[in-house]
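Enquirer: Dumping the structure here so I can ask a few things about it.
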Amino acid sequence: MENEKNRKTSPLLALISPTQFILGVLLAFIAGAVFLWVFGESPADAYGALFKGAFSSKRYFAETLLSTTPLIFGGLAVALGFRCGLFNMGVEGQIVLGGMAAAYVGYAWELPLLIHLPLALLAGAVAGGIWGAIPGYLKAKHRIHEVITTIMLNYIVFQVAAYMIAVGGPMKADNELPVSPDVLPTAQLARIWEGTRLSGGIFIALIFAVLVWVFLFKTRLGYKMRAVGLNSSAAEFAGIKPGRMMVWAMFLSGALGGLAGAVEVLGVHYKFYSTFSPGYGWDAIAVALLGLNHPVGVVASAFLFGVLRSGSITMQAIAQISKDIVLILSALIIFFTATNQTLRPILERLTLRLDTRRAK
Amino acid sequence: MYLEMKNIVRRFPGVLANDHICLEIEKGEIHGLLGENGAGKTTLMNVLCGLARPDEGEILIDGMKVEFGNCLDAIKCGIGMVHQHFMLVPVFTVTENFILGNEPRKGARIDTARAREMVLELSEKHGLKVDPDALIKDISVGMQQRVEILKALSRGAELMILDEPTAVLTPQEVEDLYRIMRSLQEAGHTIIFITHKLQEIKEITDRVTVLRDGRVVGIVRTKDVEQVELARMMVGRDVVLRVEKDQHAPGEVMMSVKDLRANDSRGLTKLKDITFDVRAGEIVGIAGVAGNGQEELVEVLTGLRKQESGSITLDMQDISQLNPRERMYAGLAHIPQDRQRRGLVMNFSLVDNFLLGYEDLKPFARGPMLDYREAEKFASKLIKMFDVRTPGSQILARTLSGGNQQKAILAREFQRDPKLLIAAQPTRGLDVAAIEFIHNELIKFRDQDKAVLLISMELTEILDLSDRILVIYEGEIVGEFKSGQATPEQLGLLMAGSKKGQM
Ligand SMILES: Nc1ncnc2c1ncn2[C@@H]1O[C@H](COP(=O)(O)OP(=O)(O)OP(=O)(O)O)[C@@H](O)[C@H]1O
Ligand SMILES: [Mg+2]
């Protein structure tokens, strides 16, 4: 008995979050199968086609990683905001704005590669960052809720973006299409896999996941942000300025959103047009939720959503199943990860019991 | 036997909170539950009220085995609990909180008129006066507690569990609670009463079960034991229940407060031109009934609230315009009254909580990074020094027992080595041994020629520790005494505003 008392906490506890993640996804797929079955489709065929579409060839797999990239950035953006207690619903707008700024620097300035590419990325980050910092400031100074302001700022960006490349717009290229001129080669992200569109952006995204992890859990600023996010009264009591942290958090969150857009423009499209993001910013919210606002979780769930996105296109083509089923799946995943929070204590007890048994 | 808990075992990661506990409760008794911080009292009661499942063991009511999946199951068996930290919705009225989860209906709508009547009826019956229309956030803690008790009663609680109900009450409110408890007992209710105050155990309970380290170490009839014996049983050694301190000559003025005026959040004047000094090597106690401006005073002194006028100097430096962090660095530390709101980030690990306020200082700050190896060392040191009962520093603060949360805050704030320590209810929720320790620390601190401003609703604590006592009433200092000159009666009268009085 004494033995048992002196035991350190269980290493198994570290497995709870991954379990929660996997369980959420699994339950969603099961429920999705029920939906398919009710609609008279074969779940096996549908899922088969989905995974075939995501993995079965080099090109398909590259497309999967390609949509994973902006989702990692976007997911990190939302997660970072959440860690400071802020709900950044403006990632979609930040993506578009970031893409726009990166494209402009990419085509309008002539610079050597080593400066041009980083500068274009930076422009995207700063544009997104400022766009994020505005709601942060409004929240800190005037207590206006960030959900409202971020969504409203989205609409401003969408309209500005449309105007920029409309006939007579300042960023319009010399052709009939509503697009910007092509980004100069010195500002393009290199393709890294022959015969596919995959660019080095995926590595930048992974590097940023590591950076965000270090930032949140190892730096002073990250620490302060988390303190504000979990209990701003206590943070304030300890001399941390909650308002300032909010502005910073929203700036960084917006910057990550801006980077998502910049990497997409500089690595995939090489030009800006107003609809280049197929809603990555909205998926990003689900990515962060499923990833439990942890960079590792975000990478994993971004990959899953990448699979869903790229697989769904093929699924529609081969199995003739509307790709909207993927929307249902995404919704189910969110639903189950949310409800899974209630499972957490149960999982904890379970691990504990396993652990006591193992110790005996 | 009305209720039996047999061989209850409940584990947490790294902790055996309840180690084969047996508890027997007779019908109609007031049963005390006593034990050190972290002994497992709250955990055992959570098991009893259905909030937690035991890993092993069983519960019998009137000899019948029962199993509770949740609180509703327990309340169906007549078991209700008033928690250490209340569970009321601050922006709801008393009535709304009262019916929450159990709303009387008229068709699809909530029958508010009927609900209001129910509150009045019940409060009449048990002599628990409450205003059914007041918002929870506007009423005193004592009132909130009544609402919790009424709520449990309305669900048909036969057995009432009160987890440290007196920790947050003023002495007057404690008296009221005794009265309520006795009237409930007369009406046939059974009560389990948790407290760390031995005189309360003596005063109100019939029997008491003592826990230590997750186990039962004694079950006694209250009238057969002395307080010191109870203390020995629960701690395992002799405890000095009275503070021993020598005279110490105060030195220079450490903090000087002049004509301080401040409002509360609703804009009402709460501090009316207060002036006082605290000297080095002096403990100054502020006695007063809760809500007479103490909270505002502390907030203004620490920089969490702006004063309307007046000045504050600390060690010759004017700090009235500094922000909380700058005041901290200027030599001010503060033990907040509300540990869960101000003192700790409940979902932070213990290490992260210890870092609060240190994160920009050497050796923890390294450029933009935090040195967690240093932080871990720091954490182990504080845990050891202040005897925080925890399986490790990575544990979330939320999972610590109430008293151990308090110890963690104390450890952190003492460690700042301030010139002046503002201690608001520093021993709230602590067991006798921990109180002894903290009182000694405060006196040691004073003996190093530092200053302490002590704010406490415990009159005995104020009387025992203070070298000088100030009485605050309606935002004014209405009396000042040297140590040994004041009697509790005198203080009590002044605190109540002499004749003006409270109801
Ligand atoms: N949810 C939890 N998760 C992990 N450990 C817990 C949890 N709740 C309690 N514990 C641990 O169980 C032990 C007993 O805690 P409990 O709250 O029952 O003590 P207590 O006797 O009520 O103490 P106090 O007088 O300080 O309130 C403590 O060591 C505590 O750290
Ligand atoms: Mg407790």
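Enquirer: Applying a 10 Å radius around every beta-carbon, put A:259-270, B:35-46, B:414-425, B:370-381 in order of their mean neighbour count, most first.
Expert: The most tightly packed comes first, giving A:259-270, B:35-46, B:414-425, B:370-381.
Enquirer: Can you give me the angle between helix B:432-447 and the longest principal axis of chain B, using Cα atoms only, in degrees from 0 to 90, rounded to the nearest 10?
Expert: It works out to around 10 degrees.
Enquirer: For Cα pairs less than 8 Å apart in space and 6+ apart in sequence, what is the mean separation divided by the residue count of the stretch B:351-503, i.e. the relative contact order in percent?
Expert: It comes to 13 percent, rounded to a whole number.
Enquirer: Let me ask another. For residue A:219, which sequence-distant residues (separation of 5 or more, or a different chain) have an amide H within less than 5 Å of its own amide H, given hydrogens modelled in the peptide plane?
Expert: Close amide H contacts, sequence-distant or interchain: B:370.
Enquirer: With +1 on each Lys and Arg Cβ and -1 on each Asp and Glu Cβ, how big is the dipole of the stretch A:44-323 about its Cα centre, in debye rounded to the nearest 20?
Expert: 820
Enquirer: With a length cut of 30 Å (Cα positions projected on each helix's long axis) and a Kyte-Doolittle mean of at least 0.5, go through chain A and give me the DSSP H helices that pass.
Expert: A:16-38, A:58-83, A:113-142, A:242-264, A:295-319
Enquirer: Just to be sure I understand: with springs between alpha-carbon atoms less than 10 Å apart, which residue in A:83, A:349, A:59 has the highest mean-square fluctuation in the Gaussian network model of chain A?
Expert: A:349
Enquirer: Of A:141/B:306; B:27/B:197; B:202/B:482; A:218/B:362, which sit over 21 Å apart, Cα to Cα?
Expert: On the way: A:141/B:306 17 Å; B:27/B:197 24 Å; B:202/B:482 31 Å; A:218/B:362 15 Å.
Going by Cα-Cα distance, B:27/B:197; B:202/B:482 fall outside the 21 Å limit.
Enquirer: Would you work out which of A:111, A:195, A:72 lies farthest towards the positive end of the dipole of the stretch A:44-323, given +1 charges on the beta-carbon of Lys and Arg and -1 on that of Asp and Glu, about the Cα centre?
Expert: Positive-most Cα among the choices belongs to A:72.
Enquirer: I want the antiparallel fraction of DSSP beta bridges within chain B, as a percent rounded to 5.
Expert: Bridges in chain B are about 55 percent antiparallel.
Enquirer: Could you order peptides B:480-492, B:166-178, B:289-301 by the average number of other Cβ atoms within 10 Å of their residues, highest first?
Expert: B:289-301, B:166-178, B:480-492
Enquirer: Right, next: Accessible area of chain B with a 1.4 Å probe: how many percent of it is carbon plus sulfur?
Expert: 50
Enquirer: Rank A:221, A:198, A:329 by mean-square fluctuation in a GNM of chain A with C-alpha springs under 10 angstrom and give only the top-ranked residue.
Expert: Result: A:221 has the largest fluctuation of those listed.
Enquirer: Can I ask one more? In peptide A:341-348, how many Cβ atoms from other protein chains are near each Cβ within 10 Å, on average?
Expert: If you average over the peptide's residues, the count of other-chain Cβ atoms is 0.
Enquirer: Report the FRET efficiency, 1/(1 + (r/R0)^6), for residue B:114 and residue B:323, where r is their Cβ-Cβ distance and R0 is 60 Å, rounded to 0.05.
Expert: Result of the calculation: an efficiency of 0.75.
Enquirer: Would you pull out the residues with amide H under 5 Å of residue B:192's amide H, same chain only if 5 or more places away, H placed 1.01 Å from N?
Expert: It is B:31, B:160, B:161, B:162, by chain and number.
Enquirer: Would you mind counting up the charge near residue A:213? Only other residues with Cβ under 14 Å from its Cβ, with Lys and Arg at +1 and Asp and Glu at -1.
Expert: Result for the local shell: +3.
Enquirer: Excluding residues on the same chain fewer than 8 positions from residue B:270, give the aspartates and glutamates whose Cα lies under 14 Å from its Cα.
Expert: B:259, B:295, B:296, B:299, B:308, B:474, B:476
Enquirer: Any idea of the total accessible area buried by the B-A contact, 1.4 Å probe, rounded to 100 Å²?
Expert: 3300
Enquirer: Under a crude label model (7 Å from the Cα following the beta-carbon direction), how far is residue B:237 from residue A:35 in nanometres?
Expert: So the label points at residue B:237 and residue A:35 sit 6.4 nm apart.
Enquirer: Looking at this model, which pairs from B:384/B:444; A:139/B:450; A:224/B:381 are more than 29 angstrom apart at the alpha-carbon?
Expert: A:139/B:450
Enquirer: Provide the FRET efficiency to the nearest 0.05 for the residue B:227-residue A:331 pair, computing r from the beta carbons and using R0 = 60 Å. Present the calculation step by step, with values, prior to reporting the outcome.
Expert: Details: r = 62 Å, r/R0 = 1.03.
Working from the Cβ atoms, E equals 0.45.
Enquirer: Hey, what number do you get for chain B at 222 nm if only DSSP H runs of n ≥ 4 count, each worth -39500 (n - 2.57), divided across all residues, to the nearest 500?
Expert: After summing the helix terms and dividing by residue count, I get -9500 deg cm²/dmol.
Enquirer: Mean projection of the alpha-carbon convex hull of chain B over all orientations, in nm²?
Expert: Average of the hull's projected areas for chain B equals 25.0 nm².
Enquirer: Can you find, among A:298, A:327, A:235, the residue sitting farthest towards the positive end of the charge dipole of chain A, where Lys and Arg contribute +1 and Asp and Glu -1 at Cβ?
Expert: Most positive-ward Cα: A:235.
Enquirer: Averaged over its residues, how many other protein chain Cβ atoms are within 10 Å of peptide A:218-227's Cβ atoms? Please report the intermediate quantities before stating the final value.
Expert: Values: counts 6, 7, 10, 4, 3, 12, 3, 0, 4, 7.
Mean shielding by partner chains, rounded to a whole number: 6.
Enquirer: If you average 1/r over every pair of different alpha-carbon atoms in the stretch A:44-323 and take one over that average, what Kirkwood value in Å do you get?
Expert: Values: mean 1/r = 0.0528 Å⁻¹.
One over the average 1/r among Cα pairs gives 18.9 Å for the stretch A:44-323.
Enquirer: Based solely on its DSSP helices, what 222 nm [θ] is calculated for chain A when runs of n ≥ 4 H residues each add -39,500 (n - 2.57) and the sum is averaged over all residues, nearest 500 deg cm²/dmol?
Expert: -24500 deg cm²/dmol
Enquirer: Can you tell me the 0 to 90 degree angle between the C-alpha axis of helix B:171-186 and the longest principal axis of chain B, rounded to 10?
Expert: So the inclination is approximately 10 degrees.
Enquirer: Within a 10 angstrom radius of each residue's Cβ in A:235-245, how many Cβ atoms of other chains show up on average? Whole number is fine.
Expert: Per-residue shielding by partner chains comes out at 6.
Enquirer: A follow-up question, please. To the nearest 10 degrees, how steep is helix B:372-385 against the longest Cα principal axis of chain B, on a 0 to 90 scale?
Expert: The answer is roughly 70 degrees.
Enquirer: Sticking with this one: Excluding residue A:330 itself, calculate the net charge of residues whose Cβ lies under 13 Å from the Cβ of residue A:330, where each Lys or Arg counts +1 and each Asp or Glu counts -1. Before the final figure, lay out each step's value.
Expert: Numbers: positive: A:309, A:323; negative: A:283, A:324.
In short, 0.
Enquirer: For the ranges B:449-460, B:77-88, what's the packing order if you count other beta-carbon atoms within 10 Å of each residue, average per peptide, and put the highest first?
Expert: B:449-460, B:77-88
Enquirer: Run down the aspartates and glutamates and flag those whose C-alpha is under 18 Å from the C-alpha of residue A:323, throwing out any fewer than 8 positions away in its chain.
Expert: Those aspartates and glutamates meeting the cut-off are A:41, A:45, A:63, A:283.
Enquirer: Heads up, I need the accessible area for residue B:244: 1.4 angstrom probe, whole protein in place, Å², nearest 10.
Expert: Per-residue accessible area (residue B:244): approximately 140 Å².
Enquirer: Going from most exposed to least, what order do A:100, A:152 have by accessible area with a 1.4 Å probe?
Expert: The ordering from most to least exposed comes out as A:152, A:100.
The values are calculated or read from the model by the stated rules, or taken from the named source; none is laboratory data. Since this is a predicted model, take the numbers as computed values, not measurements. Positions of Cβ are backbone-derived with ideal geometry, glycine not excepted, and every protein chain shown enters the neighbour counts. When the accessible area is computed, the model is the full protein with side chains, heavy atoms only, and any ligands, DNA or RNA have been set aside. Shrake-Rupley method; radii C 1.70, N 1.55, O 1.52, S 1.80 Å.
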